[in-house]
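The values are calculated or read from the model by the stated rules, or taken from the named source; none is laboratory data. Since this is a predicted model, take the numbers as computed values, not measurements. Neighbour counts are summed over all protein chains in view; Cβ atoms, including those assigned to glycine, are modelled from backbone coordinates with ideal geometry. Just the protein is used for accessible areas: all its heavy atoms, side chains included, with ligands, DNA and RNA removed. Shrake-Rupley method; radii C 1.70, N 1.55, O 1.52, S 1.80 Å.
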Amino acid sequence: MNGTRVVVLGAGVVGAACARELSLAGFDVVVVDRGRPAGGTTSHGEGNLLVSDKAPGAELALAQLSNRLWPRVIAEIAAEDPRAAAAAEFDAKGGIVVATTSAGATALTAFAEAQAAAGVVTKSLTAREVAALEPALTRSVVAAVHYPEDAQVQPAGAALALLGSALAHGARLRADTEVVGAVVAGGRITGVRVPGAVLEADVVVNAAGPWAGIVSERLGAPIAVRPRRGEVLVTTPMPGVVRHKVYDADYVGAVGADSGALQTSAVVESTRGGTVLIGSSRRQVGFDETLRPDVLSAIAEKALRLFPALADVAVMRAYGGFRPYVDDHLPVVGPDPRLPNLWHATGHEGAGIGLSVGTALVLREMLTGVSVSCPAEEFTVDRPAVLA
């Protein structure tokens, strides 16, 4: 495939991962973004690399693939650019999911057993073990499961590390460049139109995250990807207080909820700098960027139930971002059957950072016609939720 021209639309973490994977495979890659690299959804996430929140199925298999790939990818980037790899802040810290009610404990135990049967490493914790792993966690825990495979990165740092590696292997970047349309010849997309120019391509990859729906309309092959907003609180540094990614079992239900109304759950984790990230919320408000105090209060209230010690900690800032949402809660990865040469890599909602490197590998394997590393039939573009 040497010399095959690929235009990747989107310089977030998914687009950057795709650009790197394809550049390493010998494709001639141009990355186009309407803003700056990692400046959209990627920079407004928490950096989660999770298997703990996914039920058995194709998305869990993609998460398992990605979590196997992340250490290798970071090591490869470290060999090229140690500072870029360090900025990614890869941390295999593990996660702990807790239930504070009997009903929640029953659901969590069943969920973990199903995941274990699918190959996820899980360990049920006693109250004493929970207290040893997370001393500041509430003692009102009915059940807890440790997921040692969960990890974290600094999302913008990771995306820039992936993009930097792509550029080092020959990719090129066009930032602050809006895609305004497609060039179609013989029923196939042969390039994209940007202000004052046409970027010719043998393959176009729509990796525009929550803007993928808008971009797809401009290209003439609309897909039903729309934004779902989430908010995060950031505390002043308090190193060592929160040691893993800790969340209430309700989080899994909030991720899978179909309602556009506000969904909140307690998700608490620390960064390498010691700040604590507190989430999470999910609501459908289009691209409205308004930070609502009632949403932030709901997030804080649930977090305090898990970590009462946070009550006296100052919140340094709050931010929100948009996640690429599809009604069936599955990514969109593969060729568009309506417009040959157009491919999509989007729809990961809040899991895009974790799933990015696996998505990139699967995309490259599909493009080159080799065996795909995990089942991807459920991610096809021609399913009802995507073409609705």
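No other residue among V183, V204, V179 is assigned to a loop (DSSP other than H, G, I, E, B), surrounded by 14 or more Cβ atoms within 10 Å (Cβ to Cβ) and either of a type outside the set (G, A, S) or modelled with pLDDT under 95 (or both) apart from V179.
Here the condition is being within 22 Å of the chain's Cα centre (by Cα) and at pLDDT below 95; of A309, A266, it holds for A266 alone. In region 215-224, the condition of being outside any loop (DSSP other than H, G, I, E, B), touching a residue at least 60 places away in the same chain (Cβ under 8 Å) and closer than 30 Å to E89 by Cα is met by no residue. Of the helices (runs of 4 or more DSSP H) that lie entirely inside region 1-119, those containing 1 or more residues that are touching a Phe, Trp or Tyr at 6+ places or on another chain (Cβ under 7 Å) and open to solvent by 20 Å² or more (accessible area, probe 1.4 Å) span 58-80. Selection of region 82-99 for residues being at positive phi and of a type outside the set (D, E) yields only G94. For region 257-301, the set of residues classified as open to solvent by 30 Å² or more (accessible area, probe 1.4 Å) and at positive phi consists of G286 only. Here P148 passes the criteria (1) surrounded by fewer than 21 Cβ atoms within 10 Å (Cβ to Cβ); (2) over 23 Å from the mean Cα position of the chain (by Cα) except the one numbered (2).
Of all residues in region 317-361 being over 14 Å from the mean Cα position of the chain (by Cα) and part of a loop (DSSP other than H, G, I, E, B), which is surrounded by the most Cβ atoms within 10 Å (Cβ to Cβ)? Selected residue: D336. Of the residues in region 233-249, how many are open to solvent by less than 30 Å² (accessible area, probe 1.4 Å) and not in a strand (DSSP E or B)? So the count comes out to 4.
For region 186-201, give me each residue that is more than 12 Å from L339 (Cα to Cα), among the hydrophobic types (A, V, I, L, M, F, W, C) and part of a strand (DSSP E or B). Within region 186-201, V192, V194, A197, V198, L199 meet the criteria. Among the residues making up region 366-381, those that are among the polar types (S, T, N, Q) and either without any contact (Cβ under 8 Å) to a residue 60 or more places away in the chain or under 16 Å from P331 (Cβ atoms) (or both) are S371, S373, T380.
Yes or no: D327 among the acidic types (D, E), within 30 Å of A221 (Cβ to Cβ) and touching a residue at least 40 places away in the same chain (Cβ under 8 Å)? Spelling it out, D327 is indeed among the acidic types (D, E), within 30 Å of A221 (Cβ to Cβ) and touching a residue at least 40 places away in the same chain (Cβ under 8 Å). Restricting L387, L367 to those that are touching a helix residue (DSSP H, G or I) at 6+ places or on another chain (Cβ under 8 Å) and either of a type in the set (S, T, Y) or open to solvent by 20 Å² or more (accessible area, probe 1.4 Å) (or both) reduces the list to L367. Count of region 144-159 residues, restricted to those that are assigned to a strand (DSSP E or B) and among the charged types (D, E, K, R), is 0.
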